[in-house]
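Peer 1: Take a look at this one; I'll ask things after.
The values are calculated or read from the model by the stated rules, or taken from the named source; none is laboratory data. Quick caveat, the model's predicted, so the values are computed rather than measured. Cβ coordinates were reconstructed from backbone atoms using ideal geometry, including for glycine residues, and neighbour counts include every protein chain displayed. Heads up: the accessible areas ignore ligands, DNA and RNA and are worked out on the full protein's heavy atoms, side chains in. Shrake-Rupley method; radii C 1.70, N 1.55, O 1.52, S 1.80 Å.
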Amino acid sequence: MSRIEDKKTTGYVFNIQKYSVHDGPGIRTIAFLKGCHLRCRWCSNPESQEPLPQVAVNNNRCIGTDKCHFCMDACPRGAVYSDGSKVAIRRELCKDCTDLACANACPAQGLNIYGKLQTVDEVMKVVEQDAPFYARSGGGMTLSGGEPFLQGKFALALLREARARFIRTAVETCGMCEQSVLLEAGKYLNYVLFDIKSMDSAKHKEMTGLPNEHIISNLKALCEEYPDKPILVRTPIVPGFNDTPEAVTAIAEFIEPFGEHVQYEMLPYHRLGTQKYEFLDRSYLMGDVSLDNLAYKKLLKYAHRVLKGRHHIPK
């Protein structure tokens, strides 16, 4: 595909976050792409899961349907209605709607849109704004999601165009994607952040919606195809799921044979993003559980015993 074609390639992006220092080396700009096969119970970006744009309802901003009804008038499907004095949505009626006239009509940002169709060129113009920071810090662009490789054509075009503009690239992937897309992307990636959540396939399916065999296979294939590619395997430590010495040791032992280019990091569970479930009329399935900090620090030791210097301690 030519650069002209790459620049015109479109995909759904729900956020572009600048000046990030936790998603790859140096200072980075993260492009968050819509869509993910997994349904992790603790997901902090629930707006990332569906592949198409969604309407978010923030009733704290809503003027009130007794004073304003622009959104209801604008909806061609009758999905937006008044629930008391506030706006509500019949989600089944707005499924697959890409017009989202209701949110565009709202004068108070009581309705917002998660996801926008953008070209590669539009995304890269934002990414390039911080090019001086990338040069000084060794940073660049990171693709995240959702699962960015679910939009394979768009993700690959973004990576090719970034490299054409001499911008370093990284990706955050859950590994649940087409292996051919992942391996093709490896040609254009300087750095890979790859989630391994559990080696227990049954538990993985219970907590994410899918088993882990394809994810494991994808990591193996990536390491074999690119034996020198810097890869950081990451595990979110989630209470009641993988917060045991056995679970952590199993992941560390799986990673150990891959060699020095594959490093490891354990991320403590957090509840960031829970309000977004409310905006999408969804329940946060993890409830009020929390990760004991002392227990987490003890778990770090189990990974360190296996991986030694290849185990990163989060800052």
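Peer 1: With +1 on the Cβ of every Lys and Arg and -1 on the Cβ of every Asp and Glu, and nothing else charged, how large is the dipole of region 84-196 about its Cα centre, in debye rounded to the nearest 20? Please list the in-between numbers first.
Peer 2: Working: 13 positive and 13 negative charges, 37 e Å.
It works out to roughly 180 debye.
Peer 1: Name the trypsin sites (Lys or Arg not before Pro) in region 102-198 that are in a loop by DSSP and that have at most 14 other C-beta atoms within 10 Å, would you? Could you put the intermediate results ahead of the total?
Peer 2: Numbers: sites: 116, 125, 136, 153, 160, 163, 165, 168, 187, 197; in loops: 165, 197.
Passing both the DSSP loop test and the Cβ count: 165.
Peer 1: What aspartates and glutamates could a cross-link reach from residue 18, if we take a straight Cα to Cα line under 16 Å and drop same-chain neighbours fewer than 8 places away?
Peer 2: By straight Cα distance, residue 18 reaches 122, 128, 130, 172.
Peer 1: Need the list of lysines near residue 86 for cross-linking: C-alpha distance under 17 angstrom, and skip anything on the same chain fewer than eight residues off.
Peer 2: In chain and number order, the partners are 67.
Peer 1: Then there's this: Alpha carbon centre of region 20-53 versus region 206-285: separation in Å?
Peer 2: 14
Peer 1: How many lysine pairs in region 128-286, separated by 8 or more positions in sequence or lying on different chains, have Cα atoms less than 18 Å apart? Display every interim value, and only then the final one.
Peer 2: On the way: 153/187; 187/220; 187/229; 197/205; 197/220; 220/229.
Lysine pairs satisfying the spacing and distance rule in region 128-286 number 6.
Peer 1: Write out the chymotrypsin sites (Phe, Trp or Tyr not before Pro) in region 130-173 meeting two conditions: DSSP loop, and at most 13 other Cβ atoms within 10 Å of their Cβ. Don't skip to the end; give the middle numbers.
Peer 2: Numbers: sites: 133, 134, 149, 154, 166; in loops: 166.
For chymotrypsin sites (Phe, Trp or Tyr not before Pro) across region 130-173 that sit outside H, G, I, E and B with at most 13 neighbouring Cβ atoms in 10 Å, the list reads 166.
Peer 1: Another one. Contour minus end-to-end for residue 289 and residue 179, with contour as 0.36 nm per residue of separation and end-to-end as the Cα-Cα distance?
Peer 2: On the way: separation 110, 0.36 × 110 = 39.60 nm, distance 3.45 nm.
This chain segment gains 36.2 nm when fully extended.
Peer 1: Summarise the accessible area of the chain (1.4 Å probe, protein heavy atoms) by the percent that is carbon and sulfur. Mind dumping the intermediate values first?
Peer 2: Details: 7570 of 14880 Å².
Ligands and nucleic acids excluded, carbon and sulfur give 51 percent.
Peer 1: With every protein chain left in place and a probe of 1.4 Å, what is the accessible surface of residue 69, to the nearest 10 Å²?
Peer 2: 100
Peer 1: ³J(HN,Hα) across region 154-166 via Karplus (A = 6.51, B = -1.76, C = 1.60, θ = phi - 60°), whole Hz, x for Gly/Pro?
Peer 2: 5, 4, 5, 5, 4, 5, 4, 5, 4, 5, 5, 9, 6
Peer 1: May I ask you to compute the full-extension gain from residue 22 to residue 256, defined as 0.36 nm times their residue separation minus their alpha-carbon distance, rounded to one decimal in nm? Walk me through the intermediate numbers first.
Peer 2: On the way: separation 234, 0.36 × 234 = 84.24 nm, distance 2.31 nm.
Between residue 22 and residue 256, full extension yields an extra 81.9 nm.
Peer 1: Straight distance only, please: which lysines reach the Cα of residue 301 with their own Cα at less than 17 Å, same-chain residues fewer than 8 apart left out?
Peer 2: Filter leaves 315.
Peer 1: Using 1/(1 + (r/R0)^6) with R0 = 51 angstrom and r between the beta carbons of residue 63 and residue 249, what's the FRET efficiency to the nearest 0.05?
Peer 2: It comes to 0.40.
Peer 1: In debye to the nearest 20, how big a dipole does region 172-315 give about its Cα centre with +1 on each Lys and Arg Cβ and -1 on each Asp and Glu Cβ? Please report the intermediate quantities before stating the final value.
Peer 2: On the way: 17 positive and 20 negative charges, 99 e Å.
My answer is approximately 480 debye.
Peer 1: Right, here's the next one. Listed highest first by mean packing, meaning other Cβ atoms within 10 Å per residue, what order do 81-94, 7-20 come in?
Peer 2: On the way: 81-94: 14.9, 7-20: 17.6.
Going from most to least packed, we get 7-20, 81-94.
Peer 1: Label-point separation (nm) for residue 4 and residue 88, each offset 7 Å from Cα along Cα-to-Cβ?
Peer 2: The modelled label-to-label distance comes out at 5.3 nm.
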